[in-house]
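Every read-out reported here was derived from the displayed coordinates using simple, explicitly stated rules and does not represent laboratory data. Predicted model only: the values in this text are computed from it and were never measured. Backbone-built Cβ (ideal geometry, glycine too); neighbour counts: all protein chains shown.
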Amino acid sequence: MTKKINILYTFLLFCIVPLFSQQTIITQKGVEFSVRIKIVDENNNVIKKGVTIFVNGMSYSLPDIQGKYIVTAKVGDDVRVTHPDFETVHHTLTSSEDIKIIVENYASDRYASKKIKRGDAYLQNLDSANYYKKNDIEKSVSFIEKALSNNQNKRRNAKTYKTLADIYFYWKQFDLAEYNYKLSNQINEEIDTKIAIAKTQFLLKKYKESKENYTSLKNSKLSNYQEIQVFEGLGDVNFAQKNLVTARTNYQDALQIAKDNLVTPKITDLNSKIADVYAAQGKISEAENLFKKSINLAEKESPVRALKEEEKVADFYNANQRFDDEIQLRKKSLQKAQLNSSHRKISKEEDSITSQKINYKIGNAYIQKEDYKQALPYLEKSKEDAKRNKDIVVAKDATRKISETFATLGDEVNALKNYKEYVALVDSLYIRKEQEIQQVKRFSKRIADNQNRITSLEKDKELAESKISLAYIDQKLSEESNRKQRILIYSLFGGLLLISLLAYFMFRTNKQQKLANNLLALKSMRSQMNPHFIFNALNSVNSFIAVNDERSANRYLSEFSVLMRSVLENSDEDFIPLTKEVELLELYVKLEHNRFKDKFDYQIMVDENISLDQFSIPPMLLQPYIENAIWHGLRYKKEKGNLEISITKKDSETVSIVIIDDGIGRKKSQELKTKNQLKQKSKGMSTIKNRIAILNSMYKERISVKVTNALENGEGTKVELLLKKN
């Protein structure tokens with residue numbers, strides 16, 4: 001009997017101890033735990049459908065059997081509960097104790113109640129839109145269309161447009177996101193929507209509007225997390241506008257709220273942003289102390305967050321020429337990045353912190369401290385990783401640095417080898433950029449089509465409502481004819497105004513997209529170099545070496561490197577001062593003359609009455625015309641030819657740049673060329689024409705070019721370029 005009692009006691013003990021251990025409430029800062037959240041209405045009915053809970057960027061929308069949502073969080077985290085049929089709820093966690101949220105006025109109107117009782121297709125469409133948001137924008141937007149296709153109440157329509165804006169925001173279509181956030185807020189005002197509008201306007205660089213929206217929210221009833229967002233947003237705007245003292249005050253206000261309420265992720269972010277302000281003010285020691293603190297805090301959050309912060313601090317060390325500290329920190333980050341990539345796939349957020357980029361920056365830091373031998377292994381590793389990961393941009397930059405480093409060390413063979421590889425990578429990058437331009441165009445068209453369908457759907461709903469109103473007006477026309485006429489006029493005026501606004505937003509969207517496409521096209525064109533000229537120039541160096549003319553080879557290579565350096569420095573600019581362009585042309589023609597001294601003489605004449613600094617020109621725009629004159633006109637002439645480049649004043653606003661050669665002429669040059677050469681020329685000339693056309697569309701017809709024969713017998717070529725003042 002005693003033995004049975006002991007067994008029973010032991011069994012009860014093992015059952016009770018785990019029960020009590022499960023009731024343990026965690027309140028330690030930084031410790032993750034699971035917390036159960038139940039959402040109920042005023043009648044204590046559990047709400048299961050349509051609820052989405054956000055914690056630290058993670059979303060939870062599937063409850064367990066009891067209707068509770070199990071989320072992973074820490075003390076101080078902000079929990080945001082959203083649903084189309086009630087206002088967004090914010091709650092700051094203080095422990096792991098289960099949470100019960102009671103929602104007031106849920107499904108208060110008869111229409112919403114009926115929808116919820118019979119299984120809500122609207123909520124299913126909204127869930128599907130959120131599910132596909134990060135993977136398939138077209139499929140996600142198609143579910144938004146379905147959600148809008150049936151008449152919904154005011155709050156649901158607002159939620160739908162906010163979800164659509166969130167989708168556009170994720171895909172960086174900020175103008176469309178702003179439009180739909182505003183539309184959602186017009187239908188039903190919510191603080192989270194207003195914060196989203198202000199944040200989107202900041203990303204669109206509409207600093208004035210963003211600041212006004214953030215400032216207006218300060219007088220609203222805000223949750224702790226929303227208050228942090230508002231002060232942080234004001235800090236971001238003021239920092240962007242160089243109002244550093246005000247920005248620091250905003251960040252410190254937000255930091256104090258985050259500390260008081262243990263909002264751990266924001267404490268890390270705000271320490272880092274205050275450090276940015278100190279760095280911008282030149283307070284280096286204060287900035288460094290806060291950066292170190294933010295790294296320690298980030299390491300407690302996650303490896304990804306720690307990597308991002310270390311990258312930021314390493315850039316700070318580089319900006320202050322503390323290369324040893326930078327190298328030490330980047331080596332630490334490199335180990336983490338390699339460990340993370342070996343265990344899992346790199347996420348979208350980590351794309352900017354890859355091993356090839358870190359290795360490149362370490363190598364660059366060694367070069368800046370003039371330790372070239374130490375730099376080479378890291379640059380080689382960067383190039384190797386970049387090629388493996390198909391990162392052409394980093395591979396190109398690393399290869400160029402390797403070539404320059406070998407050149408500095410006097411290893412001309414490896415320098416030339418890597419330079420040729422660099423040129424090949426530039427060509428590959430140009431092809432990829434052209435493909436990206438086409439992809440951007442297709443992507444933009446799809447987005448515009450999606451938005452137009454939704455806009456049309458909204459207009460159809462408005463027209464249906466207008467028809468109902470008109471029917472009611474006809475019924476009462478006999479009694480109140482004058483009043484009804486005024487209502488009709490106002491309705492038509494309002495409809496026209498709405499259509500005008502929609503047309504304006506569509507026009508502005510298309511204009512902004514066209515500008516973005518033009519900028520991307522220009523960037524791709526500017527990234528091109530002339531491999532033909534480069535390889536011929538290097539062959540000239542080789543010929544000097546072959547005849548033991550080392551002095552000429554060194555001089556030619558030195559002048560050639562100066563020209564290439566200038567071209568690369570100006571490659572990101574749409575326009576450069578005409579003075580610089582003339583200097584580049586003088587150096588280029590001098591190089592070509594060194595190669596073909598027996599073929600032509602040249603003159604460059606600049607009118608002394610012209611102030612060249614008042615005019616600007618796209619970099620290396622004239623070089624292809626001069627190259628054509630030398631290579632396809634003068635080079636084939638039997639006797640010695642002449643090349644004249646003159647810059648004269650056309651009028652007070654225009655200069656004329658004329659390039660004349662007395663070579664064999666365009667017709668004879670065409671007859672001498674091979675089919676392959678004809679293709680290359682066609683592509684080169686079309687690229688120049690496209691470049692001038694895009695620049696003229698962006699800068700109001702500043703450039704015009706006319707190409708004619710120099711002589712009546714068809715010999716020689718004359719190129720006249722008219723350039724208007726800035």
Inset, instruction - Do me a favour and compute the ellipsoid semi-axes for region 118-200 from its Cα gyration tensor, root of five times each eigenvalue, largest one first, whole Å. - result: 19, 16, 9
Inset, instruction - Work out from phi, with θ = phi - 60° and the Karplus expression 6.51 cos²θ - 1.76 cosθ + 1.60, the ³J(HN,Hα) of each residue of region 313-327, listed in order in whole Hz, and give x for Gly and Pro. - result: 5, 4, 4, 4, 4, 5, 4, 9, 6, 9, 5, 5, 5, 4, 4
Legend entry - Long pairs among LYS293/LYS357; LYS599/LYS638; LYS205/LYS283; LYS172/LYS336, criterion Cα-Cα beyond 20 Å: LYS293/LYS357; LYS205/LYS283; LYS172/LYS336
Inset, instruction - Take the alpha carbon gyration tensor of region 205-301, find the square roots of its eigenvalues, order them as a ≥ b ≥ c, and report rounded if a/c is under 1.5; if not, report prolate when a/b exceeds b/c, else oblate. - result: oblate
Legend entry - Net charge of Cβ neighbours under 9 Å - reference ALA198; Lys, Arg +1; Asp, Glu -1: +1
Inset, instruction - Search the structure for amide H atoms under 5 Å from the amide H of VAL75, placed 1.01 Å from N in the peptide plane, and list their residues when 5 or more places away or on another chain. - result: GLY30, VAL31
Inset, instruction - Pop out the ³J(HN,Hα) list for region 167-172 in order, Karplus 6.51 cos²θ - 1.76 cosθ + 1.60 with θ = phi - 60°, rounded to Hz; leave Gly and Pro as x. - result: 5, 4, 4, 4, 8, 6
